[in-house]
1. If I model a spin label as a point 7 Å beyond the Cα along the Cα-Cβ vector, how far apart are those points for Lys378 and Ser90 in nm?
2. For Gly57, enumerate residues with amide H under 5 Å from its amide H, sequence gap 5+ or separate chain, H modeled in the peptide plane.
3. Under the 0.36 nm per residue contour assumption, what length would be gained going from the current alpha-carbon distance of Arg448 and Ala621 to full extension?
4. Any idea what the dipole of region 401-442 comes to, in debye rounded to 20, about its Cα centre with Lys/Arg Cβ at +1 and Asp/Glu Cβ at -1?
5. For an R0 of 56 angstrom, estimate the FRET efficiency from the Cβ-Cβ distance between Arg169 and Ser45 and round to the nearest 0.05.
6. Per residue, how much accessible area does the chain have with a 1.4 Å probe, in Å²?
7. Got a sec? Charge dipole of region 363-511, +1 on Cβ for Lys and Arg, -1 for Asp and Glu; which of Pro416, Val467, Gly506 is way out at the positive end?
8. What are the extents of the Cα atoms of region 140-278 along their three principal axes, in Å, largest first?
Amino acid sequence: MKRKLRVRQAQTVLPFGVGAVLDVQGESFVAAGIERWPDLKTPVSCERLAARLGSKGFYAAPHTLNDRYDQPDRPGVPYVRFPGWLFCGSCRGMARYLRENEKPGEPPVCASCAAAPRLTPMRFVRICADGHLDDVDWWYWAHSRLAPELRDSCSESDNAWKARRLSFRVADRATGLEALSVRCGATGAGGKPCGAERDLLDVLGPQSGHCSGRNPWQRWDARSSCGQQVHIVQRTAGNVYYPVVYSALDIPQTDEPPRAEQSVAAAVLAHDYWPLLLDALGTRRADTFRGMIKEDTDAPDGLIDQLAAEATGAPTTPSPEPKPGKTGKVDLSRDEWYAFDATRFPEAAKEFTIRRGGLGLDGEKEEPWATLDAHVGKVVLADRLREVRALTGFRRHSPNGTLVPADTSGRLRWLPATEVYGEGIVLTLDEERLTAWENDPRVQVHVRGVRADLEASFRAEQLAEAVGSELSPRFQLLHTVAHLLIRQLSFDSGYTTASLRERVYGRPEYGQHGLLIYTAAGDAEGTLGGLVRQGEAPHFAETLIRMLEAAAWCSADPLCAEHTGQGFGNLNRAACHACTLLPETSCETGNTLLDRALVVGSARVPGYFTDVLTASREYAAATAQE
Ligand SMILES: [Zn+2]
Ligand SMILES: [Zn+2]
Ligand SMILES: [Zn+2]
Ligand SMILES: [Zn+2]
Ligand SMILES: [Zn+2]
């Protein structure tokens, strides 16, 4: 049987983008940097995202199946065999499989066994926090317990990286890693068999030795000198690969500044300290004035910079090429929110078609509908959305590791990306009610604790991308509602939770008070409209009530409800796998900053929707008595 290494175009950014290790029919490969990509690739346009990432543009992998490994003359995206160390399950012999051993479409087989069984990739690899990945030095491992002079007397000591006669043994009487060992069958001191052997009991974790300073597709002379500690991990472990992906919706460009921003800008310009700030620009006093203006107007730094630039005639973009990972960059959510919150919608287009929906509850007096209606701002249905996802690079060992750019050569100015089409539902909350709820001292106190945990978290900088300059109660509320809604929609409509995604618009400084649930998996034909139908009246109001009722209870209660810090970095409160969490691909913040209490209330804090839930229960009790 011919092996087929086939990766679809959409998978070349996620999950099998640059640096990812993937298993294909018992073999293991790593996706090479984009400097190895073929010339035949498809341009993907998204100016907003390009500006945000400081990139000249995007390309998608060719539309062909990306099987260049098997068909070297084809234009697909390149994958490289990794790990290079393989073993035979029959004779247990290990082989370093080299480029010249490869036969396109053929899996590697054992040269020592007559039946030529297929070789299996070694399960362990070596990574470091600078994003490097390499094979474990198995020759060194087998000899690591020997004195240096004995080690040097092994006949393979000069050939260690592709040493012959290593074997990967399994002991009958032990279990786990202790049962595995690597043994050397070469010639040792005085012509006797070397016989060096070490079990794998201590193989996982930090190890001595130097990092090779590169990734498997990089040439030896492209390595960097790396002083990081190396760690041996299983090649399927989660910390081998943390892709860094940015996504933007394709919204129509508009020259008109958004409503909310106009009023904030007007407040900044009218502020008593504004002329003083302009006079003091470039001095330390400017920071004082800026701080006071920000406190009074809630204006973000970006807006103040822009207004100051307009007033002084300086160029409006302070940095022509914003780099990802630095603060002070354009927030992608801002324009998306303005597009959904606009009073007039743009003409329908392939990339963006939205219309006003509603709960169908206008003038409704019956409970719980009337109370629900009062809590909801509006519903916007997105019949067509286009999303562009771009991979800037990846990290290894920890989500905080050094970013390795998708272009490991450092010469290219573009990024790998894919475009997907889909549909979605936008739900906004009643702004006045939301602000009043946020100002409740109990809500303030409740969120202050999470804010402190967030600031202490080593993911604070990454989460700031989604959260904004400061975590607000509304972000956590909207985020939790997004999760609960995805779970309810999936329960009601048969969409899997993994096929739905969230976008939380929860930055008070931009007047945001809504969320988008969308599905984007389709080509230019779009998706089938099933999700948007779930957002239409009267289903959607019923979905929301069912969602709130479900949110009031978790099978892990009372433990879950009373939690003061669970999940990654203790950043969740009342939220666990049983009630709120979603597949990683659905969530913008890695399943953190979730709390059902802010939605349905608890003994300590009022929920935004507590009144709706109470109304719903009273209604249920009344009908039960009838
Ligand atoms: Zn064999
Ligand atoms: Zn040896
Ligand atoms: Zn390294
Ligand atoms: Zn729970
Ligand atoms: Zn989420």
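The values are calculated or read from the model by the stated rules, or taken from the named source; none is laboratory data. Everything quoted here is computed from the prediction, not taken from an experiment. So basically every Cβ, Gly included, is an ideal-geometry build from the backbone, and we count neighbours across all protein chains shown. Surface areas here come from the heavy atoms of the whole protein model, side chains and all, with no ligands, DNA or RNA. Shrake-Rupley method; radii C 1.70, N 1.55, O 1.52, S 1.80 Å.
1. Roughly 7.0 nm, to one decimal.
2. Hits under the 5 Å cutoff: Leu415.
3. That works out to 58.7 nm of additional length.
4. Details: 4 positive and 8 negative charges, 89 e Å.
Its charge dipole is roughly 420 debye.
5. Working: r = 55 Å, r/R0 = 0.98.
For Arg169 and Ser45, the calculated efficiency is 0.50.
6. Ligands and nucleic acids excluded, the figure is 47 Å² per residue.
7. Projecting each Cα onto the dipole axis, the largest value belongs to Pro416.
8. The Cα atoms of region 140-278 stretch 89, 34, 29 Å along the principal axes, largest first.
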